[in-house]
Amino acid sequence: MIPLIKPFIPDKEILMPRLEKILYSGYVAEGEAVYEFENKFSDLIGNKYCLSVNSGTAALHISLKLIGVGPGDEVISTALTAEPTNTTIALTGAKIVFADVDYETGLISAEEIEKNISEKTKAIMVVHYAGMVCDMDKINIISRKYDIPVIEDAAHALFSKYKGIYIGNNSRYTCFSFQAIKHMTTIDGGMLCLNNEKEYNRAKKLRWFGLDKKIPRLDNNILEPGFKYHMNNVNATIGLVQLDCIQNNAFKYIENGIYFDNALKNIPGVTLIPYYNNTIPSYWLYTLKVKDRKSFIKKMEDNDISASPLHLRNDRHNIFNYNKTLSNLDAFYNEFVHIPCGWWINQDELDKIVSTIKSGW
Ligand SMILES: Cc1ncc(COP(=O)(O)O)c(C=O)c1O
């Protein structure tokens with residue numbers, strides 16, 4: 001079966017000596033390897049305020065804390081995402097207001113964001129789902145008009161672009177995940193990209209209890225309680241080795257995605273997703289809409305190709321206590337499906353996927 005997702009782990013010969021060295025170095029906690037990983041990631045993305053953490057969830061949680069989101073506030077978000085996008089908001093005590101998606105793309109709709117803004121809105125959470133970039137031209141305008149910060153959940157969007165620049169440089173907060181199945185895994189890990197030094201320094205303390213690493217532990221004085229969200233040298237070492245491979249791997253996702261964009265045009269029963277102005281997806285999962293999805297998935301499975309949606313729409317979870325209708329999401333959710341697109345798919349498999357779809361279901 002061609003899988004939908006697959007972790008990339010670098011060759012043993014390259015990874016193991018580096019891992020062994022750090023494991024027995026006497027320093028496995030947050031140290032030089034972490035800072036080197038952050039610096040290299042910063043260079044790659046083009047943002048000097050990149051702070052590593054131990055998950056994408058941690059990056060989201062710190063962003064909300066930096067904004068000061070809490071009980072009585074509202075955060076506008078999307079239901080079409082992995083749960084951590086919204087459980088982190090729930091943890092702050094704020095109310096989640098789900099804005100409907102754009103039926104064409106499944107991504108949070110800028111118009112629906114604006115409709116849902118109230119005096120209580122403290123943040124706007126957008127998710128570049130499956131690597132497709134939200135309508136940032138419009139979302140940036142709304143953010144400026146109402147002076148409400150945007151958090152970009154970019155867990156799927158490493159190497160997606162907005163205005164020709166990598167995601168991670170646009171909003172005040174961008175959160176990446178290096179969890180097992182993402183473009184780049186450090187087994188678990190994440191990166192919070194900020195746009196100013198003040199918040200970068202505050203976030204640095206928030207990721208480690210509120211302690212200041214620059215001051216000796218015995219002289220420290222916590223002024224704001226923080227989390228235990230820092231990355232350690234072992235995960236960072238895996239990240240450093242991954243960074244040597246990521247350009248090639250990420251390129252494969254994008255190359256495969258562009259191939260599908262062209263090869264799957266004009267097939268009866270298939271609707272391709274349009275990408276917004278000034279955006280280029282990272283194609284973490286190739287997403288399309290199909291008629292009679294159940295039969296489509298069955299046909300793909302009969303041909304040893306995984307095809308499926310990945311996440312339960314979050315408004316279905318009781319904790320979010322949401323009963324408003326999201327009619328665009330209702331329609332999109334019944335039709336969309338992901339097909340494999342990542343680094344492990346070769347040309348023969350791409351052709352097989354395309355010919356299987358072309359033969360109908
Ligand atoms: C959209 C989205 N946001 C956030 C996360 C959280 O990332 P992590 O698993 O690194 O905490 C994930 C992945 O799990 C995700 O898919």
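The values are calculated or read from the model by the stated rules, or taken from the named source; none is laboratory data. Keep in mind the model is a prediction, meaning the values are calculated, not measured. Heads up, the Cβs are rebuilt from the backbone with ideal geometry, glycines too, and the neighbour counts pull from every protein chain shown.
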message: I'm trying to understand the selection: among the residues of the range 20-53, which are touching a residue at least 24 places away in the same chain (Cβ under 8 Å), more than 12 Å from Asn235 (Cβ to Cβ) and of a type in the set (S, T, N, Q)?
response: Ser25, Asn47
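Each row is one residue, and each column tells you yes or no for (1) farther than 14 Å from Ile62 by Cα; (2) among the β-branched types (Val, Ile, Thr); (3) not in a loop (DSSP other than H, G, I, E, B).
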{"position": "Glu224", "(1), (2), (3)": "no, no, no"}
{"position": "Thr237", "(1), (2), (3)": "yes, yes, yes"}
{"position": "Ile246", "(1), (2), (3)": "yes, yes, yes"}
{"position": "Ala250", "(1), (2), (3)": "yes, no, yes"}
query: Can you tell me which residue in the range 162-175 is farthest from the ligand (Cβ to nearest atom), limited to those that are over 10 Å from Ser55 (Cβ atoms) and not hydroxyl-bearing (Ser, Thr, Tyr)?
result: Gly164
field: Index of the failed condition, Ile62 passing every other in (1) surrounded by fewer than 19 Cβ atoms within 10 Å (Cβ to Cβ); (2) under 30 Å from Pro225 (Cα atoms); (3) within 16 Å of the ligand (Cβ to nearest atom)
entry: (1)
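Mind counting the residues in the range 127-161 that are among the aromatic types (Phe, Trp, Tyr), more than 10 Å from the ligand (Cβ to nearest atom) and either within 23 Å of Thr87 (Cα to Cα) or crowded, with 24+ Cβ neighbours inside 10 Å (or both)? Before you say what the answer is, go through the steps one by one.
We begin by selecting, within the range 127-161, every residue among the aromatic types (Phe, Trp, Tyr); these are 129, 146, 159.
This time we only want the ones that are more than 10 Å from the ligand (Cβ to nearest atom), so: 146, 159.
Cutting the leftovers down to either within 23 Å of Thr87 (Cα to Cα) or crowded, with 24+ Cβ neighbours inside 10 Å (or both) gives us 159.
So the count comes out to 1.
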- prompt: Pick from the range 185-197 the residues that are within 11 Å of the ligand (Cβ to nearest atom) and buried (at least 20 other Cβ atoms within 10 Å of the Cβ): which of them is farthest from Ala59 (Cα to Cα)?
  reply: Thr186
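Out of Ile238, Ile258, Ile254, which single residue is within 16 Å of the ligand (Cβ to nearest atom) and either among the β-branched types (Val, Ile, Thr) or closer than 27 Å to Lys138 by Cα (or both)? Lay out the reasoning, then the answer.
On the way: Ile258 fails: within 16 Å of the ligand (Cβ to nearest atom); Ile254 fails: within 16 Å of the ligand (Cβ to nearest atom).
Result of the check over Ile238, Ile258, Ile254: Ile238.
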statement: Of the candidates Asn47, Asn54, the one satisfying the condition of being over 15 Å from Asp153 (Cα atoms), within 14 Å of the ligand (Cβ to nearest atom) and assigned by TED's automatic domain parsing to the domain that holds Ile148 is Asn54
statement: Restricting attention to the range 77-106, the residues that are more than 11 Å from the ligand (Cβ to nearest atom), touching a residue at least 60 places away in the same chain (Cβ under 8 Å) and not hydroxyl-bearing (Ser, Thr, Tyr) number exactly 9
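The rows are residues; the columns are (1) small (Gly, Ala, Ser); (2) under 22 Å from Tyr24 (Cβ atoms); (3) surrounded by fewer than 19 Cβ atoms within 10 Å (Cβ to Cβ).
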position: Glu224; (1), (2), (3): no, no, yes
position: Lys228; (1), (2), (3): no, no, yes
position: Met231; (1), (2), (3): no, yes, no
position: Asn235; (1), (2), (3): no, yes, no
position: Ile238; (1), (2), (3): no, yes, no
position: Phe251; (1), (2), (3): no, no, yes
position: Glu255; (1), (2), (3): no, no, yes
position: Tyr259; (1), (2), (3): no, no, no
- prompt: Restricting attention to the range 327-342, does a residue exist that is touching a Pro at 6+ places or on another chain (Cβ under 7 Å), under 20 Å from Ile254 (Cα atoms), among the hydrophobic types (A, V, I, L, M, F, W, C) and surrounded by 15 or more Cβ atoms within 10 Å (Cβ to Cβ)?
  reply: yes
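Would you confirm, using the coordinates I've provided, whether Asp73 is away from the ligand (no atom under 15 Å from the Cβ), acidic (Asp, Glu) and either touching a strand residue (DSSP E or B) at 6+ places or on another chain (Cβ under 7 Å) or closer than 16 Å to Arg207 by Cβ (or both)?
Details: away from the ligand (no atom under 15 Å from the Cβ): yes; acidic (Asp, Glu): yes; either touching a strand residue (DSSP E or B) at 6+ places or on another chain (Cβ under 7 Å) or closer than 16 Å to Arg207 by Cβ (or both): yes.
It is true that Asp73 is away from the ligand (no atom under 15 Å from the Cβ), acidic (Asp, Glu) and either touching a strand residue (DSSP E or B) at 6+ places or on another chain (Cβ under 7 Å) or closer than 16 Å to Arg207 by Cβ (or both).
Just wondering, is there one or more residues in the range 302-310 that are in contact (Cβ under 8 Å) with a residue 40 or more places away in the chain, loosely packed, with under 13 Cβ neighbours inside 10 Å, not assigned by TED's automatic domain parsing to the domain that holds Glu74 and not hydroxyl-bearing (Ser, Thr, Tyr)?
yes
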field: Any hit, the range 229-244, residues being assigned by TED's automatic domain parsing to the domain that holds Ala154 and without any contact (Cβ under 8 Å) to a residue 40 or more places away in the chain
entry: no
